[in-house]
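Some notes on the structure that comes next.
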Amino acid sequence: MTRYAVFLRGVNVGGVAVTMADLRRVLADLPLGQVSTLLASGNVVCTFAGSSADLKEMVERALRDGFGYDAWVVVLTAERLGELLDGCPYPADSPDTHTYVTVTNDPLALDGLAAAVSAVDPEAEETRLGPEAVAWLAPVGATLSSVRSTVASRSRHRSAVTDRNLRTMIKVRAALDALAVT
């Protein structure tokens with residue numbers, strides 16, 4: 001069994017309300033082990049005997065059937081999430097900035113997003129952590145109005161990427177580390 005992190009895109013924003021209890025109920029019907037949700041923003045850790053691609057397809061189908069919305073998820077193995085976080089050069093806590101990690105299943109989406117952000121703000125700071133992830137900074141109190149957040153919310157990027165605060169990603173990593181591997 002492989003340990004996986006599943007990040008739901010667009011949960012509990014924009015009218016898509018999914019309680020974590022309901023999410024666990026829907027996922028309980030899937031061949032997953034040790035399912036746990038973290039926070040209320042669509043973070044799931046679990047074990048699964050198949051591939052990331054299989055897990056992604058299965059969870060998206062279950063969410064669409066269970067909640068009636070066009071669900072998109074990003075799936076990372078525990079090992080890969082750890083590698084990405086280890087490569088993040090920004091602090092988890094700072095009095096002036098918040099660090100975010102954007103993840104995707106489509107690396108070309110990150111390329112397009114980076115180009116769109118750079119066109120609006122050539123000084124925007126971000127670090128590519130791998131083909132599927134980028135870390136970036138937002139001023140405290142201005143995350144949603146930041147150029148990066150504004151550009152990422154456009155429809156062409158919305159279904160391809162999801163953002164998490166670095167502190168949240170660290171909690172997901174710790175939850176993955178706590179799962180028993182059988």
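Each peptide in 163-173, 27-37 receives the mean, over its residues, of other Cβ atoms within 10 Å, and ordering these scores from highest gives 163-173, 27-37. Exposure check, 1.4 Å probe, all protein chains in place: Thr97 carries approximately 40 Å² of accessible surface. With the simple spin-label model, which puts each label point 7 Å out from Cα in the Cβ direction, the Ala178 to Asp93 separation comes to 1.9 nm.
For the chain, which whole-number percentage of the solvent-accessible area (1.4 Å probe, protein heavy atoms only) is attributable to carbon and sulfur atoms? Of all accessible area on the chain, carbon and sulfur atoms account for 53 percent. Fully extending the segment from Ser36 to Leu108, taken as 0.36 nm per residue of separation minus the present Cα-Cα distance, adds 22.9 nm.
Couplings 3J(HN,Hα) for region 115-121, derived from phi with the Karplus relation 6.51 cos²θ - 1.76 cosθ + 1.60 (θ = phi - 60°), are 5, 5, 5, 4, 5, 8, 9 Hz, where x marks Gly and Pro.
Whole-Hz Karplus values for region 33-50 come out as x, 6, 5, 9, 9, 10, 6, 10, 10, x, 10, 10, 10, 6, 10, 7, 8, x Hz, taken residue by residue from phi with 6.51 cos²θ - 1.76 cosθ + 1.60 and θ = phi - 60°; glycine and proline positions read x. GNM on the chain, alpha-carbon springs under 10 angstrom: the most fluctuating residue among Val26, Val45, Val161 is Val26. With helices as the sole contributors, the chain gives -11500 deg cm²/dmol at 222 nm; each DSSP H run of n ≥ 4 counts as -39500 (n - 2.57), and the sum is divided by every residue.
Rolling a 1.4 Å probe across the protein heavy atoms gives region 120-178 an accessible surface of 50 Å² per residue.
Solvent-accessible surface of region 1-92, averaged per residue with a 1.4 angstrom probe and all protein chains in place: 44 square angstrom. Estimate the FRET efficiency between Thr150 and Asp65 by the formula 1/(1 + (r/R0)^6), using the beta-carbon distance for r and 45 Å for R0, to the nearest 0.05. The calculated FRET efficiency here is 0.90.
Principal-axis analysis of the Cα atoms of the chain puts helix 166-178 at an angle of about 30° to the longest axis.
With +1 on each Lys and Arg Cβ and -1 on each Asp and Glu Cβ, and nothing else charged, work out how big the dipole of region 80-161 is about its Cα centre, in Debye to the nearest 20.
On the way: 6 positive and 11 negative charges, 79 e Å.
Result for region 80-161 is approximately 380 debye, rounded to the nearest 20.
In order along region 63-75, the phi-based Karplus estimate (6.51 cos²θ - 1.76 cosθ + 1.60, θ = phi - 60°) of 3J(HN,Hα) comes to 5, 4, 5, x, 10, x, 10, 6, 7, 9, 10, 10, 10 Hz; Gly and Pro are listed as x.
Hand me the GluC sites (Glu not before Pro) from region 52-161 located in a DSSP loop with no more than 16 other Cβ atoms within 10 Å, in residue order please. Don't skip to the answer; put the middle values down first.
Details: sites: Glu57, Glu60, Glu79, Glu83, Glu123, Glu125, Glu126, Glu132; in loops: Glu123, Glu125, Glu132.
Passing sites in region 52-161 are Glu123, Glu125.
The values are calculated or read from the model by the stated rules, or taken from the named source; none is laboratory data. Being a predicted model, the structure only gives us computed values, none of them experimental. Cβ coordinates were reconstructed from backbone atoms using ideal geometry, including for glycine residues, and neighbour counts include every protein chain displayed. Just the protein is used for accessible areas: all its heavy atoms, side chains included, with ligands, DNA and RNA removed. Shrake-Rupley method; radii C 1.70, N 1.55, O 1.52, S 1.80 Å.
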